[in-house]
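The numbers here are math on the coordinates, done by the rules we state, and not lab data. Everything quoted here is computed from the prediction, not taken from an experiment. Please note: Cβ atoms are built from the backbone with ideal geometry, for glycine as well, and neighbour counts cover all protein chains shown.
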Amino acid sequence: MASISGKTDPVVQRIGPADIIDALGKGLRDFQAMPLCGLALGVLFAAGGNAVIHATTVFGMSYLSYPLAAGFVLIGPFAAIFLYELSRRREAGRQIVLREVWTTIIGRGEIAWMAFVTIFIFVIWIYQVRLLMALFLGLKMSFASIQQFITVVLTTNEGLVFLMVGNVVGAALSLVLFSLTVVSFPLLLDRDVDFITAMITSVRSVVMNPIPMIGWAAAIVVLMIVSCLPYFIGLLVTLPILGHTSWHLYRRLVAPPAAA
């Protein structure tokens, strides 16, 4: 089968839980071999998360802290591009030169389109939160603090419905973004394919391996939630390990060009 660019589509392989465990082990070893790079990216991502939360307080919208924090985590696959390239070079036995890593990333023009897709879904996430708040909590909602918002959500019928529907919609959007990006970003770094082909390959990877991939997605969600408490500190370690692991999982999911 050919992609829209005229090249043969990447071949997706079936994996099992053992492949995910193996990829996680390799991701951990990558982090141990290059800890400073991973920690630096973790610090930047955690700082960005804290800046987002601080902004909600400054602008009197602290009630948006939880949905914004959850939405911010969605852009993790984009933030981890640097880690994918580090793992790719280490796997190939190449020297890690940060300038070359950066040059490679910005030289992949299709990655910009995938970044746009990621940010677009993040924007949808924010708007759906505002819409659900308006529908269930009122158009003229006003909360003096995050504590007041939590009280309303947990002690009123409208709040509980908002929480239930919001989490269902959020889970659906998260699954969509996971399916579109879990393979796309590393594939775009590794091969000369267009971003549409990358997204299709990524979705095919999830569809062909629903149980291990959804299990991996659930593990990511749990780890990211724990890592965000408190102040995103856990992301200093979690983000680089998950980023490196994602590269090795991609290598399990997509057959090498020769095999394709």
Subject >> Contact order relative to length of region 17-250, as percent, for alpha carbon pairs under 8 angstrom and 6 or more apart >> reply: 40
Original post:
Which loop trypsin sites (Lys or Arg not before Pro) in region 1-90, with loop taken from DSSP, have no more than 13 other Cβ atoms within 10 angstrom of their Cβ?
Top reply: 14
Original post:
Once you have the alpha carbon radius of gyration of region 85-181, what is it after dividing by 2.2 N^0.38 Å, with N set to its residue count?
Top reply: 1.64
Original post:
Once phi is turned into ³J(HN,Hα) by the Karplus curve 6.51 cos²θ - 1.76 cosθ + 1.60 with θ = phi - 60°, what whole-Hz value does each residue of region 27-44 show in order, with x for glycine and proline?
Top reply: x, 5, 5, 4, 5, 5, 7, 9, x, 5, 5, x, 5, 4, 5, x, 5, 4
**OP:** Could you pull out every residue, at least 5 positions away or on a different chain, whose amide H is within less than 5 Å of the one on residue 254? Hs are placed 1.01 Å off N in the peptide plane, and Pro or chain starts have none.
**Re:** 13
Subject >> Fluctuation leader among 196, 106, 126 - the chain, Gaussian network, Cα springs under 10 angstrom >> reply: 106
Original post:
What Kirkwood hydrodynamic radius do you get for region 17-250 when you take the inverse of the mean 1/r over all pairs of distinct Cα atoms, in Å?
Top reply: 18.7
**OP:** For region 195-260, state which chymotrypsin sites (Phe, Trp or Tyr not before Pro) are in a DSSP loop and have at most 12 other beta carbons lying within 10 Å of their beta carbon.
**Re:** 231
